Amino acid sequence: MQLKLGISVFFPCYNDSHSITQLVIDALETLKKITNKFEVIVVDDDSTDNSRNILRNLSDKYKHLKVIYHEKNKGYGGVLQTGFNTAKYEWIFYTDGDGQYDVKELPLLIQLISNDIDFVNGIKISRKDPTYRIVAGSLYSFLIRWFFWIPIHDIDCDFRLIRKKILNKITLKSTSGSICVELVKKAQGAGARFQEVGIPHFERRFGNSQFFQPRRIFHTFYELFMLWVNLMILKKDYH
């Protein structure tokens with residue numbers, strides 16, 4: 001039985017040529033089983049590998065696929081902003097384009113939808129990353145929860161289903177990975193009601209993380225600091 005709700009699914013893509021095809025196909029097949037109102041969006045952030053050629057071929061083949069090409073790299077936050085602004089249906093789901101999450105697990109989030117829930121967030125089960133990333137990620141999540149008083153456990157889990165009307169109430173500005181904190185905190189300020197569910201996490205098979213570079217780390221933590229000042233100290237910029 002198909003649901004009446006409409007779902008927009010989008011993926012950030014930066015040099016994800018080895019994984020993006022399967023993600024798109026899995027998303028389309030999964031959505032067909034859930035609803036007849038859906039779209040899949042890929043936001044390519046000025047990839048330098050073969051991603052763009054692959055996406056052009058995919059968009060020619062699948063009518064429910066829309067591809068947005070950034071002509072200049074806008075960073076992870078910029079990609080999410082584009083995805084949220086492009087999505088048209090009442091529920092918006094996104095996950096990363098590197099294949100560390102299985103989009104076929106989307107029904108786990110959808111089954112938690114109700115009139116009392118606006119934001120469903122995954123929690124990584126048995127994180128399949130190098131030890132240093134697991135330790136750093138756990139410490140980061142702990143600190144973010146206490147510094148920002150956010151209502152979820154795993155801020156680093158980019159496997160999220162959000163009611164569009166909540167996103168319409170907020171303005172996102174971060175261009176780095178700090179956008180995840182901004183998104184959750186501003187959604188909380190806009191009255192969002194949260195639910196969480198365990199999600200399998202898989203080893204990265206292709207490419208390398210774009211985050212663990214000195215310039216990106218510095219930029220992310222600078223944005224986090226400014227976000228903390230604005231939201232927690234000055235109590236402004238929620239909407």
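The values are calculated or read from the model by the stated rules, or taken from the named source; none is laboratory data. Since we're looking at a predicted model, the values are computed, not measured. Because the Cβ atoms are built from the backbone with ideal geometry, glycine has one as well, and the counts that use them run over all protein chains shown.
Please verify whether the stretch 17-26 includes one or more residues that are surrounded by fewer than 17 Cβ atoms within 10 Å (Cβ to Cβ), modelled with pLDDT of 95 or more and over 26 Å from Ile125 (Cβ atoms).
Within the stretch 17-26 (the criterion being surrounded by fewer than 17 Cβ atoms within 10 Å (Cβ to Cβ), modelled with pLDDT of 95 or more and over 26 Å from Ile125 (Cβ atoms)), the answer is no, since none of the residues qualifies.
In this structure, is Ile110 of a type in the set (A, V, I, L, M, F, W, C) and without any contact (Cβ under 8 Å) to a residue 24 or more places away in the chain?
So Ile110 does not fit the description; no.
Being surrounded by fewer than 20 Cβ atoms within 10 Å (Cβ to Cβ), touching a strand residue (DSSP E or B) at 6+ places or on another chain (Cβ under 9 Å) and under 23 Å from Gly177 (Cβ atoms) is the filter here, so list the residues in the stretch 27-51 that pass it.
Within the stretch 27-51, just Asp46 meets the criteria.
For Leu106, indicate whether it is over 22 Å from Cys157 (Cβ atoms) and of a type in the set (A, V, I, L, M).
no
Output the residues belonging to the stretch 173-196 that are of a type in the set (Gly, Ala, Ser) and either buried (at least 18 other Cβ atoms within 10 Å of the Cβ) or in contact with a Pro (Cβ under 8 Å, 6 or more places away or on another chain) (or both).
Passing the criteria: Ser174, Ser176, Gly177, Ser178, Ala187, Ala192.
Of (1) over 25 Å from Ile155 (Cα atoms); (2) crowded, with 16+ Cβ neighbours inside 10 Å; (3) of a type outside the set (Val, Ile, Thr), Gly75 satisfies all except one. Which?
So the condition that Gly75 fails would be (1).
Filter the stretch 149-172 down to the residues that are surrounded by 15 or more Cβ atoms within 10 Å (Cβ to Cβ), over 20 Å from Pro200 (Cα atoms) and either free of Cβ contacts under 8 Å to residues at least 60 places away in the same chain or touching a Leu at 6+ places or on another chain (Cβ under 7 Å) (or both) and list them by number.
If the condition is that a residue be surrounded by 15 or more Cβ atoms within 10 Å (Cβ to Cβ), over 20 Å from Pro200 (Cα atoms) and either free of Cβ contacts under 8 Å to residues at least 60 places away in the same chain or touching a Leu at 6+ places or on another chain (Cβ under 7 Å) (or both), then Ile150, Pro151, Ile166, Leu172 are the ones that fit.
Could you go through the stretch 132-143 and let me know if any residue there is buried (at least 17 other Cβ atoms within 10 Å of the Cβ), polar (S, T, N, Q) and over 23 Å from Thr82 (Cβ atoms).
yes
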